[in-house]
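For reference, the structure discussed in these notes is given below.
The values are calculated or read from the model by the stated rules, or taken from the named source; none is laboratory data. Source: prediction; values computed, not measured. Heads up, the Cβs are rebuilt from the backbone with ideal geometry, glycines too, and the neighbour counts pull from every protein chain shown.
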Amino acid sequence: MQIYLPIAEISLDTLLLLGLGGLIGFLSGLFGVGGGFLMTPALIFIGVPPPVAVGTEANQIVASSVSGVLAHWRRGNVDVKMGFILLLGGLVGSSFGVWLFAVLRSVGQIDLVIKLSYVTFLGIVGVVMFVESLRSLRRRRATGSGRGKLHKHTWVHGLPFKMRFRRSKLYISALLPLGVGFLVGVLAAVMGVGGGFIMVPAMIYLLGMPTSVVVGTSLFQIIFVTANVTFLQAYANQTVDVVLALLLLIGAVIGAQLGAKASVLLRGEQLRILLAVMVLAVCAKLAYDLTVTPDDIYALGVAK
Amino acid sequence: MRGPERPGKAISLGVGALAVFGLVIAGPLRAAPLVADLSKHLVAITTGFAGTDVLLFGAVDEPGDVVVIIWGPPEEVVMHRKSRVAGIWINTAQMTFERVPSFYSVASSRSLDEIASEHVLSRLEMGVERLNLPLPHAKASPNIARNWRDALIRNKQRLGHYAHEVGQVIFLGENLFRTQVEFPANVPTGAYQIEVYLLRDGRVISAQTTPLIVGKIGLEAEVYDFAHNYAAFYGLIAILVALMAGWLAHVAFRRH
């Protein structure tokens, strides 16, 4: 059944939108990523104008993250203190990102910047994660139990403003989660993502958080950052389609619940390899699209 | 599936001035040798909207050819041209057309070039290839301007806003005619002008302009208006709805 979306100003099939929400919600619950890095390109692909896809997706991620975080909360997998520090950086970063988005749009290069950011970040994150998970899987097989060393000491541990994060069993500088939060906030606004695909690896490899609390804590931060993006995009650009978001999130919240349940069945390394493969697949597709000769080198720009 | 179309109070466009949906005679005429009207003067975009057809019908006093042109509200269009830079395709050129019909289609009773001379056809902009789409002066040499123009038309056709072919005006006997105007699901909203021409021996004998409104109606219109007039409120509500939905889903799953 077709439904007319008031802000996107197009008609789309209801079942298609519900199905899309469900599938990506499942992956979001499974991996602890917002799912935006899959959903935003998918929405653009089915004909939603890119600015509306970005604004609406932020709104939908709020919902799927809430439902995801509650599931993790009950298992005690949320480091609230770490979440708040990440959040502080995230709020500043996402506000800056919405402004940057508007500037790039007026110059006519927003599409290119979005795609290049996807290729760059997905490429780096995908490769690092894939290699790391393979290595730790092999190590686990070899020794049979645990890691050799808790973590390596690097420049990261010399930074000031150290704080103790008891849930994560960490004693690190608050500047680190602040910086990670800021970067993820900018990406959330510009790329129409929750930023989980950057934050999850950053938490594991840069902050050194245990995998078990990473998913819940990133979802916790994503709720507030995407809420901020939703508000700013709705306020400044009127690009949040509530009807579209509702349809997507009906599918997504159900999918996210199933995904969170399924994630218990999989080991951390397996989860990471799966996520890495998916990230690399999306990256390859986007890179290919940038290099392949377009059907028509002329295209309509953003409507004014 | 097409939903019920409720012609209602809240048309999202500020077009109260077009309250008179009657026929407006244009052109220096004797008695009206041509009358035409639409099956509806309002295309209401509602929840189930998936495109619609509007019937245009009319009568002529004397034999001739009938040409119907549908004009969407004019808009400014920015176009980009890509070229390959270091292996990837990037927008490297840009052109702004200041006044472009957002929607355009033509229907005629015979093929256009049999009806009138090229001169008449281009003056009346009959046929998509004869649209007058001026580019800013001194911005492009004639053949480059031609490329931009063709690209604009091609892109509009791909979008479904310009018809690929000239539609059929069908005569029922000597005097009565009708044609079907198709509007796709992504039809631009606004005030449309429908021009009906009666031509004989390559000359326009009579012409008439009829307005048509394409607008959002009901819930769609209200959501759209709210989003634009109370943007901050709309943003907060969007967030609240999302928070509620996420929580509801969690509660629903915990019970099971």
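So the values come out like this:
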read-out	value
Evaluation of B:Gly64 against (1) modelled with pLDDT of 85 or more; (2) within 27 Å of B:Pro184 (Cβ to Cβ); (3) out of contact with any Pro (no Cβ under 7 Å at 6 or more places or on another chain); (4) crowded, with 16+ Cβ neighbours inside 10 Å (one fails), failing number	(2)
Selection status of A:Phe231, more than 7 Å from every other protein chain (Cβ to nearest Cβ) and among the aromatic types (Phe, Trp, Tyr)	no
A:Val302 being at pLDDT 80 or above and surrounded by 14 or more Cβ atoms within 10 Å (Cβ to Cβ)	no
Residues of the range A:75-87 classified as outside any helix (DSSP H, G or I) and either among the β-branched types (Val, Ile, Thr) or farther than 22 Å from A:Ala262 by Cβ (or both), total	2
Leading residue by the ranking (surrounded by the most Cβ atoms within 10 Å (Cβ to Cβ)) among those in the range A:202-228 that are under 10 Å from A:Ala58 (Cα atoms) and more than 10 Å from chain B (Cβ to nearest Cβ)	A:Ile222
Members of the range A:245-281 found to be within 18 Å of A:Met39 (Cβ to Cβ) and not hydrophobic (A, V, I, L, M, F, W, C), listed by number	A:Gly251, A:Gly255, A:Gln257, A:Gly259
Near pairs, Cβ below 7 angstrom, 6+ apart or cross-chain, from the range A:234-247 (at the interface with another protein chain (Cβ under 8 Å from one of its Cβ atoms) and without any contact (Cβ under 8 Å) to a residue 40 or more places away in the chain) to any residue that is crowded, with 23+ Cβ neighbours inside 10 Å and in a helix (DSSP H, G or I)	A:Tyr235/B:Gly235
Residue identified as crowded, with 22+ Cβ neighbours inside 10 Å and at pLDDT below 85 among A:Gly34, A:Gly90	A:Gly34
Condition broken by B:Ile11, with the remaining ones in (1) surrounded by fewer than 19 Cβ atoms within 10 Å (Cβ to Cβ); (2) at pLDDT below 90; (3) of a type outside the set (Phe, Trp, Tyr); (4) over 30 Å from A:Lys115 (Cα atoms) satisfied	(1)
Exclusive hit being in a helix (DSSP H, G or I), out of contact with any Pro (no Cβ under 9 Å at 6 or more places or on another chain) and crowded, with 24+ Cβ neighbours inside 10 Å, set A:Gly194, A:Gly179, A:Gly185	A:Gly185
All positions within the range B:41-81 that are under 21 Å from B:Val169 (Cα atoms) and within 14 Å of chain A (Cβ to nearest Cβ)	B:Val43, B:Gly51, B:Thr52, B:Gly72
3 or more residues within 27 Å of B:Asp225 (Cα to Cα) and within 14 Å of another protein chain (Cβ to nearest Cβ): qualifying helices (runs of 4 or more DSSP H) within the range A:6-74	A:14-31, A:50-74
Residue list for the range B:140-182, restricted to those being in contact with a strand residue (DSSP E or B) (Cβ under 9 Å, 6 or more places away or on another chain) and among the hydroxyl-bearing types (Ser, Thr, Tyr)	B:Tyr162, B:Thr179
Of residues in the range A:173-201 being modelled with pLDDT under 85 and over 9 Å from the mean Cα position of the chain (by Cα), the one nearest to A:Glu57 (Cα to Cα)	A:Met191
Within the range B:134-152, considering residues that are within 14 Å of chain A (Cβ to nearest Cβ) and surrounded by fewer than 17 Cβ atoms within 10 Å (Cβ to Cβ), the one modelled with the lowest pLDDT	B:Ala140
Members of the range A:166-194 that are of a type in the set (A, V, I, L, M, F, W, C) and at positive phi	none
Scan of the range A:5-29 for residues that are modelled with pLDDT of 85 or more and among the hydroxyl-bearing types (Ser, Thr, Tyr), ordered by number	A:Thr14
